[in-house]
Amino acid sequence: MAAAPAASAAGRETGVGQPAVAGRSVVAFCCRECAYAAADASANARTSLPPTVRLVLMPCTGRVSPLHLLSALAEGADGVMVAGCLEGQCHYREGNFNAIDRVAFVQRLLKSVGVAPERCRMFTMSAGEPPKFVAAVKEMDRVIGGLPPLERSAVPAVARGAA
Ligand code: FES
């Protein structure tokens, strides 16, 4: 990736410090084994991603908790995505199935407080599918770009307290 990574509590971030575009941003939690590898391959092929997207490297999507997703929204992200291995191909066996459940939980939580659930999405891909990663990121950017600004006060208080 072009930008120098910086350490964070959740994992390794890419693009930290770069300005968000048009006041919106998407945080993508990517598993190291497939999604981040696909992102890296797309970067090596010089495929440009929407500048709204910030990548967070995770060992596995099973490591992503609902609090990571809600905290990102509470701290300024307009959308969050989890990108992992294809179903049945998680290198830690069931991590991506856990992530699918957690994303669904966060979507229900967001919907219950009047926030569009599509602000949180799950995507799966293999390391050999950089175009699928790029398409997922562009899809998130397109969806978020079509939504009104996120009311931070609507994000569940537990996330704002933890942020
Ligand atoms: Fe990729 Fe678990 S290692 S989702």
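A few comments on the model shown:
- Extension gain from GLU87 to GLU151, taking 0.36 nm per residue of separation minus the Cα-Cα distance: 19.7 nm
- When TYR36, TYR92 are compared by accessible surface with a 1.4 Å probe, the order from highest to lowest is TYR92, TYR36.
- On region 83-163, 53 percent of the accessible area sits on carbon and sulfur atoms, based on a 1.4 Å probe.
- Distant-in-sequence amide H partners of VAL53 (H built 1.01 Å from N, under 5 Å): VAL26
- Rounded if a/c under 1.5, otherwise prolate or oblate - region 20-124, Cα gyration tensor axes: oblate
- Length-normalised contact order of region 51-163 in % [C-alpha pairs under 8 Å, at least 6 apart]: 35 percent
- Prolate/oblate/rounded label for region 91-159 (Cα gyration tensor, a/c 1.5): oblate
- Each residue was assigned an accessible area with a 1.4 Å probe, and for ARG108 the value is about 150 Å².
The values are calculated or read from the model by the stated rules, or taken from the named source; none is laboratory data. As the structure is a prediction and not an experimental result, all values here were calculated from the model. When the accessible area is computed, the model is the full protein with side chains, heavy atoms only, and any ligands, DNA or RNA have been set aside. Shrake-Rupley method; radii C 1.70, N 1.55, O 1.52, S 1.80 Å.
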